[in-house]
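This report refers to the structure that appears directly beneath it.
The values are calculated or read from the model by the stated rules, or taken from the named source; none is laboratory data. Just so it is clear, the model here is predicted, and its values are computed rather than measured. Using ideal geometry, Cβ is built from the backbone for each residue, glycine included, and neighbour counts are taken over all protein chains shown.
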Amino acid sequence: MSATTKRPAGQGATLAEANASIRRQHLQRYVIAYGVLIVLALFFLFPIAFMVAGSFKADTSVIADSGSLRAFVPEPFVGLENFQQAAERGNFWISFRNSVIISAGIVFGGLVVNSLLGYALARVPFRGKGLLLAIVVALIIVPFETLAVPLLLMMAELGWTNTLHAQIVPFLAQPLYIFLFYSFFLGIPRELEEAARIDGAGPATVFFRIAAPLAKPAYAAAGILIFLASWGQYLWPVMVTRSIEARPLPLGIAEFQGLPPRDWGDIMAYAAMMVVPLLIVFIIFQRQFVRGVATTGLKG
């Protein structure tokens, strides 16, 4: 007697139909999901496409064509004329230098400060730790506008107004990123650090050789978010700067707010030059950013 049993022909057909039905359902879900994502991507890309097309058009055509699909066509094409005029009129390169220095200072300094504070909250036992953590969480929901005036008075007392470091130092420690690193370091097994201490490693060695390398996704996510926020900051530079020598890019576009008719082509060109560094940074670090968002809880 054979050890194998043959399935009835009807049962085999039923299984094949069930598998085909499951494959169709999966295909439908993929089509719907990708369709929704494509629509959302186009929706968010429309302003960027309008800006890039307008940066190569004549000033009068940017607004005149805004109500039709011609808004996304760079015609009449003026080449790089708008970019040259925008760079000269808006002091682009001075503001660009300032933005690079400010953003780099906030990103690198902020990663060091916030990660150290987050690690201390996660690993170092001390009295009042729970209260301090509660204060950090509470400060996340406090808007910057409520702190701007007292902070401005502090900068005036220190003589830091109209300087670059006045736009860097106040933003090195930020509650959101302290809590982000705190949450990430809590998920790192303590056994790894204890093993390093048994081998004679000190606190600094444990942090820089064990904890920090394991927290690369948190550093990537926090770094990109800090860069985005610092690059587009407007309110604080308006309050604390007085001359173009200390002003970042977002304030440079105010040079175009003159009497009408405004040079919309120059404005679009200036805005495009502001956006390009953001796109480059995100494209380079998008994989690390997605991984960091997935592992640090920023996705909600």
Note on segment 38-66: residues under 27 Å from the mean Cα position of the chain (by Cα) and among the β-branched types (Val, Ile, Thr) are Ile38, Val39, Ile48, Val52
Sole miss for Asn162 among (1) out of contact with any helix residue (DSSP H, G or I) (no Cβ under 7 Å at 6 or more places or on another chain); (2) closer than 30 Å to Leu235 by Cβ; (3) part of a loop (DSSP other than H, G, I, E, B) is condition (1)
Has segment 168-179 got any residue that is over 20 Å from the mean Cα position of the chain (by Cα) and in a helix (DSSP H, G or I)?
no
The number of residues in segment 197-221 that are surrounded by fewer than 17 Cβ atoms within 10 Å (Cβ to Cβ) and part of a helix (DSSP H, G or I) is 10
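Right, Arg262: at pLDDT below 90, among the basic types (Lys, Arg), touching an Asp or Glu at 6+ places or on another chain (Cβ under 9 Å) and not in a helix (DSSP H, G or I) or not? Can you show your working first?
Working: at pLDDT below 90: yes; among the basic types (Lys, Arg): yes; touching an Asp or Glu at 6+ places or on another chain (Cβ under 9 Å): yes; not in a helix (DSSP H, G or I): yes.
Yes.
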When every residue in segment 222-248 that is closer than 16 Å to Arg89 by Cα and in contact with a Pro (Cβ under 9 Å, 6 or more places away or on another chain) is compared, the one surrounded by the fewest Cβ atoms within 10 Å (Cβ to Cβ) is Arg247
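To keep it simple, each residue is scored yes or no on (1) under 30 Å from Glu193 (Cα atoms); (2) in contact (Cβ under 8 Å) with a residue 24 or more places away in the chain; (3) basic (Lys, Arg); (4) touching a Ser or Thr at 6+ places or on another chain (Cβ under 9 Å).
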site	(1), (2), (3), (4)
Trp93	no, no, no, no
Phe96	no, yes, no, no
Phe108	yes, no, no, no
Val136	yes, yes, no, no
Pro143	no, no, no, no
Within segment 12-68, residues over 20 Å from Asp266 (Cα atoms) and among the acidic types (Asp, Glu) come out as Glu17
Exercise. Has segment 115-126 got at least one residue that is modelled with pLDDT of 90 or more, among the charged types (D, E, K, R), assigned by TED's automatic domain parsing to the domain that holds Leu164 and in a helix (DSSP H, G or I)?
Worked result: no
